[in-house]
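*Asks:* Below are the structure tokens for one structure; questions will follow.
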Amino acid sequence: MKVSVVRNILEANDRIARQNRDLFKEKGLLVINLMSSPGAGKTSLLEKTIDVLKSDVRIGIIEGDIQSSQDAERIARKGVPAVQINTGGECHLDGNMIRDTFEKLDFENMDLLIVENVGNLVCPAEFKVGEDFKAMILSVTEGDDKPSKYPLMFHESKVLLINKIDLLPYVYCSLDRIKEDSLKINPDLQIFQISCKTGEGLDAWYGWLLERVKNREVIL
Amino acid sequence: MHEMSIAMSMIDIVREEMRKCNANNLRSVRLNIGQMSAVVPNALSFCFEVITKGTEMEGARLLMDVIPLRGYCSICEKEFEIKDYVFACPSCGTKKIETVSGQDLAIVEIEVE
């Protein structure tokens, strides 16, 4: 006997993500899911962003890694609350893992929550955690062919930060190609060209982020 | 790899649906796998086989249809295939298109007895 089903396989995670999102809205948080390959500069970007914005914005960070609490320790040294999730092998964070950190974070005194996802250019794009939007980093050392090879992540992100532009003289990488190819996949993608090392281009990111925090949707 | 957690989510849904129709055995599950989903059909098949072993679902076939990415342009009022992940209307070039299919991951049908 054939039975028609028509159910989304990820419905369980989507449901938890929606519940997370409802809570975030209730607490007045802007939530960003930050993704990239390992080593592209997620934690460095967070460190720089915290340094500049923490006097205006109350920031909290959830760190996701397979192992180790190094990243949460780096963030904690910046004086903002940070919680580390160790997935032990899972290649991405999901709604459930994020929900399990809630008791460790004080959402009442927070404006911006950034989830630093597991370093992976594939899987994190598929799973919602309750974020307002996804942001991704691509570093110039990874090559300019990545948008066409990893379309889902570029398609799902609202923001692309092209990092390590200080290394452009030493690598074969066309910024124009990255921008052109990623805009074909996602015409609304907001692109920043930055160097966490030298600070170049970061002011535009800080300004953009601050605007989004100030204009965030709050359900009272 | 996350095909294992996807297979586990699938099993939960199938088990629920089997209970709804009082079915005892599972013969097959038909899935739609969107072209743009980060799922590898072979890996999913393998994980499904592994976790159904020794259960009432052992031996069930996993039938997977890969659903291509298709878009709709409201200016041209036409549906089209999204080729090479270029999200624009091939006729008028507008980027304001709607993605109609190719992103979902769904159980469509189960065959039980």
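The values are calculated or read from the model by the stated rules, or taken from the named source; none is laboratory data. Note that the coordinates shown come from a computational prediction; the quantities given were computed from them, not determined experimentally. So basically every Cβ, Gly included, is an ideal-geometry build from the backbone, and we count neighbours across all protein chains shown.
*Asks:* Quick one: in segment B:1-15, which of the residues that are over 12 Å from B:Val40 (Cα atoms) and facing chain A (nearest Cβ under 9 Å) is surrounded by the fewest Cβ atoms within 10 Å (Cβ to Cβ)?
*Replies:* It comes out as B:Asp12.
*Asks:* In the set A:Arg216, A:Arg212, which member is assigned to a helix (DSSP H, G or I), out of contact with any Cys (no Cβ under 6 Å at 6 or more places or on another chain) and closer than 23 Å to A:Arg58 by Cα?
*Replies:* Being assigned to a helix (DSSP H, G or I), out of contact with any Cys (no Cβ under 6 Å at 6 or more places or on another chain) and closer than 23 Å to A:Arg58 by Cα holds for just one of A:Arg216, A:Arg212, which is A:Arg212.
*Asks:* So, in segment B:71-113, of the ones that are touching a Leu at 6+ places or on another chain (Cβ under 8 Å) and of a type in the set (Gly, Ala, Ser), which residue ends up farthest from the other protein chains (Cβ to nearest Cβ)?
*Replies:* Only one residue tops the list, namely B:Ser101.
*Asks:* Pick out the one residue from A:Glu156, A:Glu131 that is surrounded by 15 or more Cβ atoms within 10 Å (Cβ to Cβ), away from chain B (no Cβ under 14 Å), under 14 Å from the mean Cα position of the chain (by Cα) and among the charged types (D, E, K, R).
*Replies:* So the residue among A:Glu156, A:Glu131 that is surrounded by 15 or more Cβ atoms within 10 Å (Cβ to Cβ), away from chain B (no Cβ under 14 Å), under 14 Å from the mean Cα position of the chain (by Cα) and among the charged types (D, E, K, R) is A:Glu131.
*Asks:* Right, another one. Of everything in segment B:17-44, what is within 14 Å of chain A (Cβ to nearest Cβ), in a helix (DSSP H, G or I), farther than 30 Å from B:Ile97 by Cα and under 18 Å from the mean Cα position of the chain (by Cα)? Give them in sequence order.
*Replies:* B:Glu17, B:Ala43, B:Leu44
*Asks:* Could you give every pair whose Cβ atoms fall below 7 Å, whose first residue belongs to segment B:86-113 and is free of Cβ contacts under 8 Å to residues at least 12 places away in the same chain, and whose second residue is among the hydroxyl-bearing types (Ser, Thr, Tyr), counting only separations of at least 6 or pairs across chains?
*Replies:* B:Ala88/B:Thr94
*Asks:* Any residue that is buried (at least 23 other Cβ atoms within 10 Å of the Cβ) and assigned to a helix (DSSP H, G or I) - is there at least one of those in segment A:70-86?
*Replies:* Looking for residues that are buried (at least 23 other Cβ atoms within 10 Å of the Cβ) and assigned to a helix (DSSP H, G or I), one finds at least one in segment A:70-86, hence yes.
*Asks:* If you take the residues in segment B:82-113 that are among the acidic types (Asp, Glu) and modelled with pLDDT under 95, which one is nearest to A:Lys128 (Cα to Cα)?
*Replies:* The extreme case among them is B:Asp104.
*Asks:* Then there's this: Report, by residue number, each residue of segment A:87-99 that is part of a loop (DSSP other than H, G, I, E, B) and within 18 Å of A:Asn33 (Cβ to Cβ).
*Replies:* Across segment A:87-99, the qualifying residues are A:Thr87, A:Glu90, A:Cys91, A:His92, A:Leu93, A:Asp94.
*Asks:* Report the residue count in segment A:70-106 for those that are out of contact with any Phe, Trp or Tyr (no Cβ under 9 Å at 6 or more places or on another chain), in contact (Cβ under 8 Å) with a residue 24 or more places away in the chain and closer than 16 Å to A:Gly130 by Cα.
*Replies:* Summing the residues that are out of contact with any Phe, Trp or Tyr (no Cβ under 9 Å at 6 or more places or on another chain), in contact (Cβ under 8 Å) with a residue 24 or more places away in the chain and closer than 16 Å to A:Gly130 by Cα in segment A:70-106 gives 7.
*Asks:* While we're here: In segment A:154-188, which residues are assigned to a helix (DSSP H, G or I) and among the basic types (Lys, Arg)?
*Replies:* Residues satisfying the conditions are A:Arg177, A:Lys179, A:Lys184.
*Asks:* Out of all the residues in segment A:42-63, which are in a strand (DSSP E or B) and aliphatic (A, V, I, L, M)?
*Replies:* If the condition is that a residue be in a strand (DSSP E or B) and aliphatic (A, V, I, L, M), then A:Ile59, A:Ile61, A:Ile62 are the ones that fit.
*Asks:* Give segment A:81-122 a look and list any residue that's within 18 Å of A:Val57 (Cβ to Cβ), acidic (Asp, Glu) and within 17 Å of the chain's Cα centre (by Cα), or say none.
*Replies:* Correct list: A:Asp111, A:Glu116.
*Asks:* I would also like to ask the following. Residue by residue through segment A:159-192, note down the ones that are more than 14 Å from chain B (Cβ to nearest Cβ), within 15 Å of A:Ile137 (Cβ to Cβ) and more than 16 Å from the chain's Cα centre (by Cα).
*Replies:* Of everything in segment A:159-192, those that are more than 14 Å from chain B (Cβ to nearest Cβ), within 15 Å of A:Ile137 (Cβ to Cβ) and more than 16 Å from the chain's Cα centre (by Cα) turn out to be A:Lys164, A:Ile165, A:Asp166, A:Leu167, A:Cys173, A:Leu175, A:Ile178, A:Lys179.
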